[in-house]
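Step one of this worksheet: look at the structure below.
The values are calculated or read from the model by the stated rules, or taken from the named source; none is laboratory data. Keep in mind that this is a model prediction, so the values were computed, not measured. Positions of Cβ are generated from backbone atoms using ideal geometry, with glycine treated the same way; all protein chains shown enter the neighbour counts.
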Amino acid sequence: MKMNFTARQMKVYEAVKNTAEKKLAKFDKFFDEGAEMDVTFSMPKNLEKVEITIYSNGMMFRAEEAAGTFATAIDRASEALERQIRKNKTRLQKRIKDEGYAIVDEQYPYLEEEEILVEDVKVKTFSFKPMSLEEAILQMNLLGHDFYVFKDAENNETCVVYKRKEGGYGLIVPEL
C-alpha cells in the first residue's frame, strides 16, 4: 500500500514517519496493491493529532485521533480503522480481493461480522426547500443538529452542511 505523509504547520521527523509505517503496515493485509493511505500530522492545542485515510476500490476509511504523543494517536487511529473494517467485513469482501480476507480470517479470527438490522433504521422525511448556505446553518442551529441536508438555492444541488470538531462549519457538495 502506498503511504503519503503530510504535516500541517509543523515538521514531521523521520522517526515519527518510520513508526507510522511500522504500525500501519498491518493494513496491507486488508487491501490490494492499488490502495493508498494518507497520514496527516498536526499539533492543535498542544496535542499531537493523526488523521489516517485509506482509499481502496472506491471505498474510503478514515480515522483521526489526538493524544499526548504521535505513537499513541497512531495506535488509537489504527484501532478505529480496524473496527470499521470489522463492522463492514461482509460488504468489504465483495470489494476487496478475496485472498486478502483468507489471510485476515486466519490471522484475525476475532474479526466477526456485525449484522445490521433494517428494523434498527429510523426513517425521517422532510420537504426540500431551496435555501442559501446561511439559512441552512441557521436552520441546523435552531434544530440543534450537527448536520443539515438542504437544496442549495444557487445551483439546485442537494448539499450537507455540518459542524466541524475544530469549530466552524463544513459543506459537502456533490461532484458532477
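Brief remarks on what is shown
- Restricting the first member to segment 46-67 and to residues that are assigned by TED's automatic domain parsing to the domain that holds Glu21 and in a strand (DSSP E or B), and the second to residues that are modelled with pLDDT under 85 and of a type in the set (Asp, Glu), the beta-carbon pairs closer than 8 Å and six or more apart or on different chains are Ser56/Asp32.
- Residue match in segment 90-100 (condition: surrounded by fewer than 16 Cβ atoms within 10 Å (Cβ to Cβ), in the same structural domain as Gln9 (by TED's automatic domain parsing) and at pLDDT 75 or above): no
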